[in-house]
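The values are calculated or read from the model by the stated rules, or taken from the named source; none is laboratory data. Source: prediction; values computed, not measured. Positions of Cβ are backbone-derived with ideal geometry, glycine not excepted, and every protein chain shown enters the neighbour counts. Ligands, DNA and RNA are excluded from the accessible area calculation, which covers all protein heavy atoms including side chains. Shrake-Rupley method; radii C 1.70, N 1.55, O 1.52, S 1.80 Å.
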Amino acid sequence: MNMKKKWWHDKVAYQIYPKSFYDTNGDGIGDIPGIIEKLDYLKDLGIDIIWLSPVYLSPLADQGYDIADYYKIDPRFGTMEDMDRLINEAKKRDMYILMDLVANHCSDEHEWFQKAIADPEGPYGQYFYLADAKDGRPCNWRSYFGGPCWDELPGTDKLYLHLFHKKQPDLNWENPKVREEIFQNINWWLDKGLGGFRIDAIINIKKALPFHDYPSDRSDGLCSVSNMLKESQGIGDFLQEMKNRTFDKYDAFTVGEVFDAKPEELVDFIGENGHFSTMFDFSTTCFGKSPKGWYDCQQITPEDYKACCFSSQRKVQDIGFLANVIENHDEPRGVSHYIPEGDVNDTSKKMLATVTLMLRGIPFLYQGQELGMENMPFESIEDINDVNTLDEYKTAKAAGLSDEAALKAVLRYSRDNARTPMQWSDQPSAGFTSGTPWLKVNPNYTRINAASQIHDENSVFSYYKALISLRKNPLYKDTLVYGQTVPYLESQKNLMAFFRKGEKQSLLILANFQNEPQEVLLPEENYQILINNCPQLEQQEHSLKLQGYQAVVLALGV
Ligand code: GLC
Ligand code: CA
């Protein structure tokens, strides 16, 4: 496929969850100066683009995804001077900073919402979705974090809409003034020299109006918002307007958090003139999700994982690029989620890394992934901070699960698994803070930490570094960035194998997604081993015998 080349196609991105990254002033909360201190660490790993989860002024009801002022930095994270310094320090290292654009909703503490409360009939009332309380709730949608989407607008006879937490009122994108405010803010940040944005929850901005009920899907009488998203039409007009008014003028990079996109709209989203540069591939993270809640989710197997990845690759490779992830701040740790229990070790972690970094797409690593950080062994629901997990726990209990079973079920998916502090060293609090960390550190930090891995050539960190540098090696880069993904021996169980076919070259990636060895027939007798996650490789005349979780990258025909 002939694709117009863009500056971000060959980049590797990294998500920072600032609150848990690195604390420099001992208050137990990660901060922007902490990110600046670690830029060289990221540069050394091979990172080009850094996405910061929100650092704007916020009551942190949803950890910063509830913004009270889009033009201010929350003092817990630092100052605007810190932010400017971060952008400049990144630039000096040829790195780009992305902020999180949270524009579906703001915080209930934002001045717009406060003005709407003071005068619901005035101009700010129209910044939100309000309804007369006397008529009852306009629809039976269930908020993503539980309970009805409508709540009383304090001290008034109105209700307001919130698809997420009640402290996250939805902004009314139908109002041109709201769009204008958002575009102005985006440009203000891009003028500062940002590389672009990660775009939060964006699919929700277009509501199917007028509000109406859908069949309820749980005993609470409410229904999932996804019913509405399926029906809503015309989001493209908003997104195209946003792009034309903002990103395009700066050649900015954008990555959309898009769930529930309609397959026929893929071109509109990430095609050559699409709304975004790319969007996350959530096919594996969403696999097995149940409308009933987390307690009812189906565990993903290696075969499912393969099917999800290949299906996504096939869908987009003639259209554009997806952004590949195994985890983020809303998901459990990838190694704990995708590798069967009991098999999680350095070899299997490296196998998963090989697959995700060698697929076609723009890789996004999440902080700690490069160290092989694992899920947190939370002992009680009291240790959980995340609003989503607390709600899912309630749902599981309401469905009849015991305390213990409900806890076990939600811990598998809890967003707090990935939000525990970054493990820098084996010092107290994993070297994350000199104070008390806001969320408990994973007790495995004495075993899994950056300090012990950076100089160990067999570490997970060094392996990630090798994969990233392979992606950037001028000999293979074009193939790894633009080459087609062609599945190989697709029906061989627990084998994830694929070619990356470039114009002049073919690479073959073989990953044994199980603990038992397996034999893999080779398509070609001449090859060179570029990457191997095990000390040896058993080579036979026409095949390879891969050890449990062994993964290799081969250059064919050489
Ligand atoms: C996105 C964020 C998530 C947040 C939600 C509401 O899904 O990734 O953390 O809770 O949007 O802003
Ligand atoms: Ca701090």
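Results, tabulated for the structure shown:
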| read-out | value |
| --- | --- |
| Condition met for residue 270 (under 27 Å from residue 501 (Cα atoms) and touching a Ser or Thr at 6+ places or on another chain (Cβ under 7 Å)) | yes |
| Meets criteria (over 24 Å from residue 449 (Cβ atoms), in a helix (DSSP H, G or I) and out of contact with any helix residue (DSSP H, G or I) (no Cβ under 9 Å at 6 or more places or on another chain)) for residue 392 | no |
| Residue in segment 534-548 that is within 27 Å of the chain's Cα centre (by Cα) and in contact (Cβ under 8 Å) with a residue 60 or more places away in the chain present | no |
| Tally, over segment 288-314, of residues that are of a type outside the set (Phe, Trp, Tyr), more than 19 Å from the chain's Cα centre (by Cα) and within 22 Å of residue 216 (Cα to Cα) | 7 |
| Residue satisfying condition, being modelled with pLDDT of 95 or more and closer than 23 Å to residue 370 by Cβ, within set 153, 130, 86 | 86 |
| Output for segment 421-472, where each listed residue is farther than 22 Å from residue 44 by Cα, in a helix (DSSP H, G or I) and open to solvent by 50 Å² or more (accessible area, probe 1.4 Å) | 428, 443, 446 |
| Pairs, first touching a residue at least 40 places away in the same chain (Cβ under 8 Å) in segment 429-441, second away from ligand 1 (no atom under 16 Å from the Cβ) and of a type in the set (Val, Ile, Thr), C-beta under 6 Å, six or more apart | 438/29 |
| Residue list for segment 315-339, filter: more than 15 Å from the chain's Cα centre (by Cα), more than 16 Å from residue 377 (Cα to Cα) and open to solvent by 30 Å² or more (accessible area, probe 1.4 Å) | 315, 318, 319 |
| Looking only at segment 473-488, and only at residues there that are of a type in the set (Val, Ile, Thr) and over 24 Å from the mean Cα position of the chain (by Cα), the one that is surrounded by the fewest Cβ atoms within 10 Å (Cβ to Cβ) | 486 |
| Lone qualifier among 406, 399 - being buried (at least 21 other Cβ atoms within 10 Å of the Cβ) and over 23 Å from the mean Cα position of the chain (by Cα) | 406 |
| Complete set of residues in segment 129-139 that are outside any loop (DSSP other than H, G, I, E, B) and more than 20 Å from residue 206 (Cβ to Cβ) | 132, 133, 134, 135 |
| Residues located in segment 104-148, provided they are within 15 Å of ligand 1 (Cβ to nearest atom) and touching a His at 6+ places or on another chain (Cβ under 7 Å) | 105, 143, 145 |
| Any hit, segment 340-347, residues being of a type in the set (Gly, Ala, Ser) and either farther than 30 Å from residue 550 by Cα or within 24 Å of the chain's Cα centre (by Cα) (or both) | no |
| Residue ranges of strands (runs of 3 or more DSSP E) in segment 28-128 with at least 1 members under 27 Å from residue 357 (Cβ atoms) | 49-52, 96-101 |
| Answer residue from segment 25-69, given it is within 15 Å of ligand 2 (Cβ to nearest atom) and β-branched (Val, Ile, Thr) and is surrounded by the fewest Cβ atoms within 10 Å (Cβ to Cβ) among those | 36 |
| Number of the condition not met by residue 377 [criteria: (1) open to solvent by less than 60 Å² (accessible area, probe 1.4 Å); (2) in contact (Cβ under 8 Å) with a residue 40 or more places away in the chain] | (1) |
| Residue that is nearest to residue 252 (Cα to Cα), among those in segment 3-24 that are within 16 Å of ligand 2 (Cβ to nearest atom) and either of a type in the set (Gly, Ala, Ser) or touching a helix residue (DSSP H, G or I) at 6+ places or on another chain (Cβ under 8 Å) (or both) | 16 |
| Filtered residue count, segment 316-339, keeping only those that are closer than 15 Å to residue 498 by Cβ, of a type outside the set (A, V, I, L, M, F, W, C) and touching a helix residue (DSSP H, G or I) at 6+ places or on another chain (Cβ under 9 Å) | 1 |
| Odd one out for residue 121, checked against (1) under 25 Å from residue 261 (Cβ atoms); (2) surrounded by fewer than 22 Cβ atoms within 10 Å (Cβ to Cβ) | (1) |
| Qualifying residue in segment 58-67 (condition: in contact with a Phe, Trp or Tyr (Cβ under 9 Å, 6 or more places away or on another chain) and more than 15 Å from ligand 1 (Cβ to nearest atom)) | no |
| Residues of segment 165-174 classified as away from ligand 1 (no atom under 16 Å from the Cβ) and touching a strand residue (DSSP E or B) at 6+ places or on another chain (Cβ under 9 Å), total | 1 |
| Residues within segment 124-146 that are open to solvent by 50 Å² or more (accessible area, probe 1.4 Å) and in contact with a strand residue (DSSP E or B) (Cβ under 7 Å, 6 or more places away or on another chain), tallied | 2 |
| Which listed residue, of 42, 101, is within 16 Å of ligand 1 (Cβ to nearest atom), within 19 Å of the chain's Cα centre (by Cα) and either farther than 30 Å from residue 466 by Cα or at pLDDT 95 or above (or both) | 101 |
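This table checks each residue for (1) in contact with a Lys or Arg (Cβ under 9 Å, 6 or more places away or on another chain); (2) within 16 Å of ligand 2 (Cβ to nearest atom).
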| site | (1), (2) |
| --- | --- |
| 346 | no, no |
| 365 | no, no |
| 372 | yes, no |
| 397 | no, no |
| 414 | no, no |
| 431 | no, yes |
| 451 | no, no |
